[in-house]
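Heads up, the thing below is written out as structure tokens.
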Amino acid sequence: MKIIKNMALLLMLVLPAAIVAETETDTDTAEPVESAPPPPATVEEIAAGVCAGCHNADGNSVVPMNPILAGQHAEYITKQLMDFKATESEPAKRNSAVMSSMVAALSAEDMKKLGEYYAAQKVNPSQVPADEKMIDIGKILYHGGNISNGVPACASCHGPNGSGIPPRYPALAGQHAEYTITQLNLFNTGDRANDNDVMHKVITRMSGQEKRAVAAYISTMR
Ligand code: HEC
Ligand code: HEC
């Protein structure tokens, strides 16, 4: 009886050691794999494997809070990806909990190629229906601005057809209104400040209704 008890005690002492030994061997065998360079992922693989869940494989997001990337200028996309990424010395220039984790593992080369990839896709504009009255108000504002409160015409920087002016001024045409309104509000509060204050100055004078109207019009631009 005493022997059995002792054996049990011995097993209890030995077993954890055996488990530790096993896990150690596991990491030993895993190590060479970890230190080997990962197989190069192509942009198509990154776009399909990481980004497609929210932006669709071709960048034509159908979820109104996720931006459509297809047809956007390559330089602008690359800049945004770099701005989402925090470095050791600097915090991210554009805050987004979702996107900062998405770009954490991307290299500068990946970001450049992702920009080129989405720029080359054909845009499939927002299909979310918009209120006709809002579209009309937004159209006037987009092309002419509002002299009474000093809001400049969006067309002067984003182009009369919303295709933007590369590399600095992004295309807006066909973007989901929900995403556009979110960005206008973020520029307004200063939570998005990676634009050298340009959009912040444009937006501070806009009313809530003007923001919704211009976003509605932008979503219908083709
Ligand atoms: C879980 C959903 C999700 C995934 C996955 C995701 N994104 Fe995003 N992405 C978003 C959201 C939401 C925003 C808007 C962020 C904001 O402004 O707050 C965004 C914004 C962006 C923008 C800025 C677009 C603009 O017009 O300024 C780019 C570029 C972008 N994403 C590229 C990518 C790429 C490339 C990947 C894959 C490596 C990716 N995203 C993966 C949700 C996602
Ligand atoms: C003086 C030039 C200028 C004017 C006028 C201007 N914008 Fe912009 N806008 C910019 C710049 C520059 C950026 C890019 C900021 C960056 O690099 O992140 C931008 C970015 C944006 C974005 C973000 C796009 C995205 O994909 O995330 C939206 C939305 C936008 N502008 C809407 C408007 C609207 C609506 C108006 C008119 C009321 C307007 N802008 C007028 C310069 C301008």
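The value obtained for region 151-222, namely the Cα convex hull volume divided by the number of residues, is 78 Å³ per residue. Listing 51, 157 from fewest to most neighbouring C-beta atoms within 10 Å gives 157, 51. Net charge of the neighbourhood of residue 182, taken over other residues with C-beta under 14 Å away and scored Lys/Arg +1, Asp/Glu -1, is +2. Over region 67-222, one equal point on each Cα, no solvent: what is log10 I(q)/I(0) by the Debye formula at q = 0.12 Å⁻¹? Ignoring solvent entirely, the Cα scatterers give -0.52.
The calculated FRET efficiency for the pair residue 93 and residue 136, based on their C-beta separation and a Förster distance of 22 Å, comes to about 0.05. The ranking of 123, 128 by Cβ neighbour count inside 10 Å, starting from the fewest, reads 128, 123. Here's how it looks for residue 192: its modeled amide H is under 5 Å from those of 187, which are all 5 or more places away or on a different chain.
If you take all other residues with their beta carbon under 12 Å from the beta carbon of residue 47, and give Lys and Arg +1 and Asp and Glu -1, the sum is -4. Phi-derived couplings, Karplus 6.51 cos²θ - 1.76 cosθ + 1.60 at θ = phi - 60°, listed residue by residue for region 151-168: 6, x, 5, 4, 4, 5, 10, 9, x, x, 9, x, 8, x, 10, x, x, 8 Hz, with x used for Gly and Pro. Under conditions of 4 °C and 1.567 mPa s, region 43-119 yields 104 µm² s⁻¹ as its translational diffusion coefficient, taking Rh as the Kirkwood radius over Cα pairs in the Stokes-Einstein equation. Among 220, 87, the ranking by other beta carbons within 10 Å of each residue's beta carbon, starting with the fewest, stands as 87, 220. With labels modelled as points extended 7 Å from the Cα through the Cβ direction, what inter-label distance (nm, one decimal) is found for residue 127 paired with residue 86? The modelled label-to-label distance comes out at 3.9 nm.
For each pair in 79/139; 85/122; 85/201; 133/201; 133/211; 93/201, compute the distance between the two Cα atoms and list the pairs where it is over 21 Å.
79/139; 85/122; 85/201; 133/201
Every read-out reported here was derived from the displayed coordinates using simple, explicitly stated rules and does not represent laboratory data. The structure presented is a predicted model; accordingly, all values stated were derived computationally and were not measured. As a convention, Cβ positions derive from the backbone with ideal geometry for all residues, glycine included, and neighbour counts pool all protein chains shown.
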